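*Asks:* Dropping a structure here in structure tokens format, bear with me for questions.
The values are calculated or read from the model by the stated rules, or taken from the named source; none is laboratory data. Nothing here was measured: the structure is a model prediction, and the numbers come from that model. Quick reminder, even Gly has a Cβ in these numbers, built from the backbone with ideal geometry, and neighbours come from all protein chains shown. SASA here: full protein model, heavy atoms, side chains in, ligands and nucleic acids out. Shrake-Rupley method; radii C 1.70, N 1.55, O 1.52, S 1.80 Å.
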Amino acid sequence: MDSTLAIQDKANSTGQAILGTRKSQLARWQTEHVQSLLHAAWPDFRFDVRVFTTKGDKIIDVPLPLIGGKGLFTLELENALRNGAIDIAVHSLKDLPTDSPKGLTIGSIPPREEAADVLVSRGGETLEALPNHATIGTSSRRRAAQLLHFRPDLQIIDIRGNVDTRIQKTLDPDGPYHASVLAFAGIHRIEQDHVISQILPDEIMLPAPGQGALGVQCRDDKESIQLLAPIHAPIAAAEVIAERSFLAALGGGCATPVAAKATVDDLALTLTGRVTTLDGVHQIEVYISGLAENASFLGEALAQEALEKGAQEILDQCQAAVH
């Protein structure tokens, strides 16, 4: 049996596969994007979409670090993969825990969007031009810590909701926010680039590991991985493998103030990592470069350097702040 027939037999007898997604506008865009890539690769296949509501979607009035648990935006989709309700799950890769659940794998990482964070400000100001003690909305400890490192006077307040909801809250003239920080990729994908006041440089705001990338998850079997192989981008994969290896070796998750960005130029990979105290006072920054094929090793080696420079104490303080 050739690989195409094997894939069709695995998905189901009629040559169909079901993609699972969260219900937000951004999640739907991401899933439909992957759906179109797959359809181009397998034109005789039928790819349907099923929508799920995750724990992170249901609890919208509590800061993310206080909800607890891994996979706030992924667990329901992963359970559906295991029980066969869906064949593929599309995630923002930065939402996926670094330890892959048993029986599942990231079968593909498509080409990556720009990884930077951006400022959305009510008056169109840049971060430097915001008034003293301006209020900034973010539910990310990584973003909050780096903001305070750059401008200790800022007042950080929580903001929750999908990307479009957070934009609306930020621009509300009667709202509490002077500005908020969001990922460029999310804003660009829902065609709201006009609200961006500033693309934040890496010197101020290094992105989350995996930011801007999609993780296409499937069951860990040969046929499922073959189905996703045509939409896999090796350069994007090397970058996020390095970033996520850095995060994993530090023992951190998406609620910790860990940032990382890798870039690949020809065969060379350069990785920058950053760990910042919650109050922004202390920041550890480390760099490494090497062959892209050694992405995982480079991430682990850089994490070891960060630990030698005191990152563990920062992460312990962060963990204690949750309890």
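*Asks:* At a Förster distance of 22 Å, what's the computed FRET efficiency of Asp265 paired with Gln304, Cβ-Cβ distance as r, to 0.05?
*Replies:* According to the calculation, E is roughly 0.40.
*Asks:* Enumerate the helices in the chain for which the Kyte-Doolittle hydropathy averages -1.0 or more and the C-alpha atoms extend at least 18 Å along the helix's axis, using complete DSSP H runs.
*Replies:* Qualifying helices, which must be both long enough and hydrophobic enough, are 25-41, 234-250, 295-308.
*Asks:* Let me ask something additional. Which distance in nm do the two modelled labels at His33 and His232 give, with both placed 7 Å along the Cα-to-Cβ direction?
*Replies:* Between His33 and His232, the label points sit 2.0 nm apart.
*Asks:* Could you derive backbone 3J(HN,Hα) for segment 259-268 from the dihedral phi with the Karplus parameters 6.51, -1.76 and 1.60 (θ = phi - 60°), listing whole Hz in sequence and x where the residue is Gly or Pro?
*Replies:* In residue order, the calculated couplings are 10, 7, 8, 10, 10, 10, 10, 6, 9, 9 Hz.
*Asks:* Turning to a different aspect of this structure: For Ile156, which sequence-distant residues (separation of 5 or more, or a different chain) have an amide H within less than 5 Å of its own amide H, given hydrogens modelled in the peptide plane?
*Replies:* Ile136
*Asks:* For segment 208-238 and segment 98-142, what is the centre-to-centre distance using only Cα atoms, to the nearest Å?
*Replies:* 21
*Asks:* Continuing with the same structure: With n ≥ 4 as the cut-off for DSSP H runs, can you work out [θ] at 222 nm for the chain, using -39500 (n - 2.57) per run divided by the number of residues, rounded to the nearest 500?
*Replies:* Only helices count here, giving -10500 deg cm²/dmol.
*Asks:* While we're here: What residues qualify as long-range amide H neighbours of Ala233, i.e. H under 5 Å apart, gap of 5 or more or another chain, H built at 1.01 Å from N?
*Replies:* For Ala233, the qualifying residues are Ile109.
*Asks:* For His133 and Asn83 in the same chain, what is the full-extension length gain: residue separation times 0.36 nm, less their Cα-Cα distance, in nm?
*Replies:* On the way: separation 50, 0.36 × 50 = 18.00 nm, distance 5.00 nm.
Fully extending the segment from His133 to Asn83 adds 13.0 nm.
*Asks:* I would also like to ask the following. Just the number, please: carbon plus sulfur as a percent of the accessible area of the chain, 1.4 Å probe, no ligands or DNA/RNA counted. Could the numbers behind the result be given before it?
*Replies:* Working: 7400 of 14330 Å².
Answer for the chain is 52 percent, counting heavy atoms of protein chains only.
*Asks:* Relative contact order for the chain: what percent, with Cα pairs under 8 Å and sequence separation of 6 or more?
*Replies:* Relative contact order, the chain: 20 percent.
*Asks:* In debye, nearest 20: dipole of segment 178-323 around its Cα centre with unit charges on the Cβ of K, R (+) and D, E (-)?
*Replies:* 280
*Asks:* What is the set of long-range amide H partners of Asp117 at a cut-off below 5 Å, with H atoms built 1.01 Å from backbone N?
*Replies:* Here Phe184, Leu200 satisfy the definition.
*Asks:* Accessible surface of Arg22 in the full protein assembly, 1.4 angstrom probe, to the nearest 10 Å²?
*Replies:* Approximately 40 Å² of Arg22 is accessible to the 1.4 Å probe.
*Asks:* Tell me, what is the per residue accessible area of the chain in Å², probe radius 1.4 Å?
*Replies:* 44
*Asks:* Where does the charge balance sit around Thr270 when Lys and Arg score +1, Asp and Glu -1, over other residues with C-beta under 13 Å from its C-beta?
*Replies:* -4
*Asks:* What nm distance separates the two modelled labels at Arg46 and Gln155, each placed 7 Å from Cα along Cα→Cβ?
*Replies:* Here the answer is 5.6 nm between the modelled labels.
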